[in-house]
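The values are calculated or read from the model by the stated rules, or taken from the named source; none is laboratory data. Keep in mind that what you see is a predicted model, and the values were worked out from it rather than measured. Backbone-built Cβ (ideal geometry, glycine too); neighbour counts: all protein chains shown. With ligands, DNA and RNA removed, areas are computed over all heavy atoms of the protein, side chains included. Shrake-Rupley method; radii C 1.70, N 1.55, O 1.52, S 1.80 Å.
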Amino acid sequence: MRRTTGTTPTLRRTAKPWLAAAVAATLTLPILAPCASAAGPADGRGGTNGTAACAYGYTSDATVWFGAGADSGVPNRETGGGCTVMDEIMAGAPFATHGAFVRTVSSVTRDLVRERILTGGERRDIVRAATDSEVGRPHPVTGDRSVDLSRIGLVGYTVRATMPTDAEGTLGALAECGFQNIEPSGAAGNFYGYTAAELAPLTDAAGIAVPSLGVSLSNLQNDVDLVVAEAHAIGARYVRVSGSGSWTLADYSRTAAILNEAGEALSAEGIRVAYHNHGYEFETEEDGVTGYDVLVRQTDPAFVTMELDVYWAASTDTSATDLFARYPGRFELLHLKDMAEDGSFADVGEGTIDFAEIFAGATLAGVRYGFTEHDQPSPDGVTSACTSIGNLAELRY
């Protein structure tokens with residue numbers, strides 16, 4: 001397992017749930033904490049005594065946090081050898097049971113009190129947070145819950161062919177088949193030829209909300225004021241970015257620092273930064289640690305969340321639900337994209353990805369919104385999108 005270092009903000013957001021059981025009461029979907037990798041902590045508790053056992057471990061610019069309603073408020077202090085408290089705790093993740101997780105937390109923090117890294121009061125706060133968390137709890141598919149369509153949207157990339165020339169007609173058609181949200185893709189100041197302020201009256205007229213905007217990493221680095229203005233103009237609470245297939249682990253580490261800095265600045269404006277993956281984040285690997293590991297562990301959950309694209313993860317044989325268990329609570333947004341038998345794109349519900357399992361795990365993941373997507377829609381973007389949301393309306397998980 002691995003992680004990095006920094007300071008200790010105690011700010012934590014309490015995210016509210018999204019995917020609900022329409023048949024019963026709305027489910028509360030908490031958020032939990034990230035996890036470990038191949039190597040253990042650098043002391044006697046967890047594993048190797050190497051000098052860099054936690055080189056890509058959990059950031060100490062955070063608190064010891066296990067999800068919404070499960071934030072200890074205790075700084076994620078360094079414990080030696082480049083490790084932090086979270087590195088020590090999450091070395092055993094994923095946990096088979098909630099009891100096993102709480103016992104691990106209790107044992108690790110007892111040792112850290114003896115070493116005077118934690119106080120007795122801090123240990124009690126961490127154990128209490130662990131007890132309140134979803135880590136290790138079962139999340140089975142019961143088949144009696146339906147998807148809360150008010151938390152489902154469309155990635156605008158699916159309808160990129162018609163948005164520039166007929167945004168009004170496209171949005172109206174999406175609303176007619178049940179979409180209540182959209183995530184426009186582009187860059188700050190240019191979404192299909194529109195600024196967010198120009199696009200907002202059209203989404204409002206269609207009755208479609210814009211909880212998230214797809215912007216560029218360059219925007220976060222160089223145009224934060226513009227990003228804020230665009231998000232406020234259209235009511236977005238998230239801005240998401242993507243990375244590059246040419247990055248090394250060091251590049252992912254630098255990107256995590258950029259996301260933390262931008263995320264902290266944007267949090268004052270009520271906006272959260274999200275990172276959207278492709279497949280290369282899981283393929284860039286060193287000593288069992290992937291680029292995706294680095295991004296999740298080195299970003300502060302107070303300011304940065306992940307927007308997991310389930311198709312691109314599956315394209316590298318990475319299961320979404322495995323990631324939920326490995327990094328519980330870090331996935332407030334999902335891209336819901338299906339995979340055909342031959343590995344190509346498919347409308348949601350028409351391919352091989354088990355969406356019932358994904359929705360059942362949404363509590364553990366901390367999901368708030370899911371956006372359907374098809375990169376190569378046929379016969380057109382609107383038809384493809386409407387097929388996907390129709391299948392989700394029928395899904396029971």
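Reported count of residues in the stretch 111-131, each being open to solvent by 60 Å² or more (accessible area, probe 1.4 Å), within 14 Å of GLU88 (Cβ to Cβ) and assigned to a loop (DSSP other than H, G, I, E, B), is 1.
Taking the stated definitions as given, is LEU334 among the aliphatic types (A, V, I, L, M), open to solvent by 10 Å² or more (accessible area, probe 1.4 Å) and modelled with pLDDT of 95 or more? Lay out the reasoning, then the answer.
Details: among the aliphatic types (A, V, I, L, M): yes; open to solvent by 10 Å² or more (accessible area, probe 1.4 Å): no; modelled with pLDDT of 95 or more: yes.
No; evaluated as a whole, the condition is false for this residue.
For the stretch 302-334, the tally of residues that are under 17 Å from ARG237 (Cβ atoms) and in contact with a Phe, Trp or Tyr (Cβ under 6 Å, 6 or more places away or on another chain) stands at 2. Per the listing LEU199, LEU154, LEU171, the residue uniquely crowded, with 18+ Cβ neighbours inside 10 Å, in contact with a helix residue (DSSP H, G or I) (Cβ under 9 Å, 6 or more places away or on another chain) and not in a helix (DSSP H, G or I) is LEU154. Here VAL108, VAL141 are screened, and the one residue that is touching an Asp or Glu at 6+ places or on another chain (Cβ under 9 Å) and surrounded by fewer than 21 Cβ atoms within 10 Å (Cβ to Cβ) is VAL141. Kindly indicate whether GLU307 is touching a helix residue (DSSP H, G or I) at 6+ places or on another chain (Cβ under 8 Å) and of a type outside the set (A, V, I, L, M). No: the conditions fail for GLU307.
Being touching a His at 6+ places or on another chain (Cβ under 8 Å), farther than 20 Å from LEU174 by Cα and touching a residue at least 60 places away in the same chain (Cβ under 8 Å) is a description that applies to LEU364.
The conditions of being surrounded by fewer than 24 Cβ atoms within 10 Å (Cβ to Cβ) and farther than 19 Å from SER242 by Cβ are not met by ALA362.
Please determine, by comparing only the residues of the stretch 245-258 that are in contact (Cβ under 8 Å) with a residue 24 or more places away in the chain and assigned to a loop (DSSP other than H, G, I, E, B), which one is surrounded by the most Cβ atoms within 10 Å (Cβ to Cβ). The selected residue is TRP247.
Kindly provide the set of residues from the stretch 365-386 that are surrounded by fewer than 17 Cβ atoms within 10 Å (Cβ to Cβ) and of a type in the set (Gly, Ala, Ser), ordered by number. The answer is SER378, and nothing else.
In the stretch 203-244, which residues are in a strand (DSSP E or B), under 17 Å from the mean Cα position of the chain (by Cα) and not polar (S, T, N, Q)?
Quick first cut of the stretch 203-244, residues in a strand (DSSP E or B) only: 209, 212-214, 238-242.
Filter once more, so that each one left must be under 17 Å from the mean Cα position of the chain (by Cα): 212-214, 238-242.
Listed by number, the residues that qualify are LEU213, GLY214, TYR238, VAL239, ARG240, VAL241.
In the stretch 69-101, how many are crowded, with 24+ Cβ neighbours inside 10 Å and within 21 Å of the chain's Cα centre (by Cα)? Full working, then the answer.
Initial filter on the stretch 69-101 (crowded, with 24+ Cβ neighbours inside 10 Å): 70-72, 76, 79, 83-91, 101.
Checking which are within 21 Å of the chain's Cα centre (by Cα) leaves us with 70-72, 76, 86-87, 89-91.
Summing the residues that are crowded, with 24+ Cβ neighbours inside 10 Å and within 21 Å of the chain's Cα centre (by Cα) in the stretch 69-101 gives 9.
Whether any residue in the stretch 132-151 is in a loop (DSSP other than H, G, I, E, B), within 22 Å of HIS276 (Cα to Cα), under 18 Å from the mean Cα position of the chain (by Cα) and touching a residue at least 40 places away in the same chain (Cβ under 8 Å) is what I want to check. Looking through the stretch 132-151, none of the residues is in a loop (DSSP other than H, G, I, E, B), within 22 Å of HIS276 (Cα to Cα), under 18 Å from the mean Cα position of the chain (by Cα) and touching a residue at least 40 places away in the same chain (Cβ under 8 Å).
Looking at PRO184, is it within 22 Å of the chain's Cα centre (by Cα) and surrounded by fewer than 16 Cβ atoms within 10 Å (Cβ to Cβ)? When the stated conditions are applied, PRO184 does not pass them.
Looking only at residues in the stretch 43-68 that are crowded, with 19+ Cβ neighbours inside 10 Å, touching a Gly at 6+ places or on another chain (Cβ under 9 Å) and not small (Gly, Ala, Ser), the one that is modelled with the lowest pLDDT is CYS54.
Quick one: is ALA236 more than 18 Å from ARG330 (Cβ to Cβ) and open to solvent by less than 30 Å² (accessible area, probe 1.4 Å)? It is true that ALA236 is more than 18 Å from ARG330 (Cβ to Cβ) and open to solvent by less than 30 Å² (accessible area, probe 1.4 Å).
Within the stretch 328-360, if we keep just the residues that are within 13 Å of the chain's Cα centre (by Cα) and without any contact (Cβ under 8 Å) to a residue 40 or more places away in the chain, the residue that is farthest from ASP309 (Cα to Cα) turns out to be PHE331.
Among the residues of the stretch 100-146, those identified as in contact with a strand residue (DSSP E or B) (Cβ under 8 Å, 6 or more places away or on another chain) and among the β-branched types (Val, Ile, Thr) are ILE117, ILE126.
Do we have GLY370 as within 22 Å of THR305 (Cα to Cα), small (Gly, Ala, Ser), in contact with a strand residue (DSSP E or B) (Cβ under 6 Å, 6 or more places away or on another chain) and at pLDDT 95 or above here? Taking the combined requirement at face value, the residue satisfies it.
What helices (runs of 4 or more DSSP H) lie completely within the stretch 355-397 and have 1 or more residues being within 11 Å of LEU154 (Cα to Cα)? Please lay out each step first, then the result.
Details: elements: 355-360, 362-365, 381-394.
By residue number, 381-394.
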